[in-house]
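Structure record follows, encoded as structure tokens.
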Amino acid sequence: MLARRVEEPFDSPEFLFEIKWDGYRCLAFVGDVVFLQSRGGLDMSPWLPELAAALRALGEVPALLDGEVVAWRDGRPDFAALQRRARLRRPEAIRAAAARDPVSLIAFDLLVAGGRDLTRLPCEERRGQLHRIVAPAATAGRVTCSEAVIARGRSLYEAARRVGLEGIVAKRRASRYRPGERSRDWLKIPHERRRPLVIGGVSPGRHYGIGALLVGAYDPEQPEQLTYLGHVGAGLDRRELAEVIGRLRASRRCPFHQVPGDQRAATWVEPEVVCVVGYREITADRRLRHPVYRGLDPDTRAADCVVPWAGGA
């Protein structure tokens, strides 16, 4: 079951609210065999052996949990550490990473218990059964239940924002579980950083021949050309693309310090049009994570757009 995005937090006694954890979505099959399935259907068990071992502590009664696999650093979610874990293949490297970058499964729903399908039960009832299964287990903190508050979405949203967490999720207390659906019974309200950035090129695609905008900003240590920060396709519809195209001027030269290796087919434009981009964070290789186009910014000069690490992320 998937969540629809909404822009503003809200209060409602019909909903419970929980933290939106920054990790990998996971279905955990528990019983005679433990199987961790990613959202894409892959088996995550081989590269998460410590989590698989913890799930075995839940017992052999068939159960199916829905949750988020989260890596931790200094008590906070560390998505980059989780990505590093996912790339490992050698058993000795996986064992070393399990000690260095520990992970947990934060379970937030229970679909099957004792072989019984629970998906038609109300969300709140499913969560109650989840707590009874997970709470007594000797999982050394590797499997925990996501805590929730009822009705008070705004205060939880602000608390998550203050400590730098990803956002919150609202779930209708009486709703059933609908596999594969993006229902309004589940709503995600993420925090988002926004920044004016310069459009330096466009990649090919199906809408007006454009797939994404290539964006960057100026680094005071290398001010002659743009520093590439990533490509932005999310949030662009036909109307917005038409508006952007009307402002761009083609250029024979790449305006970035380095031509991105995966953007060889891009069309370069004069670095003079500024747009606002929302993003979650800056990755270790200095790219925008989950960028979203939020509109043009006619009030900001291209020369005033600086990289996040120079002007605050």
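Every number in this text was worked out from the coordinates using simple rules, so none of it is lab data. Keep in mind the model is a prediction, meaning the values are calculated, not measured. Don't worry about glycine lacking a Cβ; one is built from the backbone with ideal geometry, like all the others, and counts go over all protein chains shown.
What is the angle, in °, between the Cα long axis of helix 153-162 and the longest principal axis of the Cα atoms in the chain? Nearest 10 is fine, range 0 to 90.
60 degrees
Let me know the charge dipole size of segment 34-91 about its Cα centre in debye, to the nearest 20, where only the beta-carbon of Lys, Arg (+1) and Asp, Glu (-1) is charged.
Roughly 380 debye, rounded to the nearest 20.
Between PRO9, ALA80, GLY67, whose Cα lies farthest towards the positive end of the dipole of segment 1-104 when Lys and Arg beta carbons carry +1 and Asp and Glu beta carbons carry -1, centred on the Cα centre?
Going by the charge dipole, the pick is ALA80.
Summarise the long-distance tail of P(r) for segment 90-133 by giving the % of C-alpha pairs beyond 16 Å.
The answer is 52 percent, as a whole percent.
How much net charge surrounds GLU14 when only the other residues with a Cβ under 12 Å from the Cβ of GLU14 are counted, with Lys and Arg +1 and Asp and Glu -1?
Here the count lands on +1.
Under 8 Å for C-alpha pairs, at least 6 residues apart: give me the relative contact order for segment 232-305, rounded to a whole percent.
Rounded, it is 33 percent for segment 232-305.
What 222 nm value per residue comes from the helices of the chain, counting each DSSP H run with n ≥ 4 as -39,500 (n - 2.57) and dividing by all residues, nearest 500 deg cm²/dmol?
-5500 deg cm²/dmol, from helical runs alone.
Between the helical axis of 91-100 and the dominant principal axis of the chain, each derived from Cα atoms, what acute angle in degrees is found, rounded to the nearest 10?
90 degrees
Taking square-rooted eigenvalues a ≥ b ≥ c of the alpha carbon gyration tensor, is segment 193-311 rounded, prolate or oblate, where a/c under 1.5 means rounded and, failing that, a/b exceeding b/c means prolate?
It is rounded, given that a/c, with a ≥ b ≥ c, falls under 1.5.
Taking the Cα centre of the chain as origin, sum charge times position over the Cβ atoms of Lys and Arg (+1) and Asp and Glu (-1), and report the length of that vector in debye to the nearest 20.
460 debye
For a quick protection proxy, order the peptides 253-265, 50-62 by their average other-Cβ count within 10 Å, most packed first.
Highest to lowest by the protection proxy: 50-62, 253-265.
Please identify every one of the GluC sites (Glu not before Pro) in segment 218-290 that sits in a loop by DSSP and has no more than 11 other beta carbons within 10 Å of its own beta carbon.
GLU221
If one computes the Cα centroid of segment 148-175 and of segment 6-33, what distance in Å separates the two points?
Here the two parts' Cα centres lie 10 Å apart.
Rounded, prolate or oblate for segment 127-167? Axes are the square roots of the Cα gyration tensor eigenvalues, ordered a ≥ b ≥ c, and the cut-off for rounded is a/c under 1.5.
oblate
Toward the positive end of the charge dipole of segment 138-259, about the Cα centre and with charges on Cβ (Lys, Arg +1; Asp, Glu -1), which of GLY141, THR227, HIS207 goes farthest?
Most positive-ward Cα: GLY141.
Going by the alpha-carbon gyration tensor, a ≥ b ≥ c the square roots of its eigenvalues, is the chain rounded (a/c under 1.5) or, if a/c is not under 1.5, prolate (a/b greater than b/c) versus oblate?
prolate
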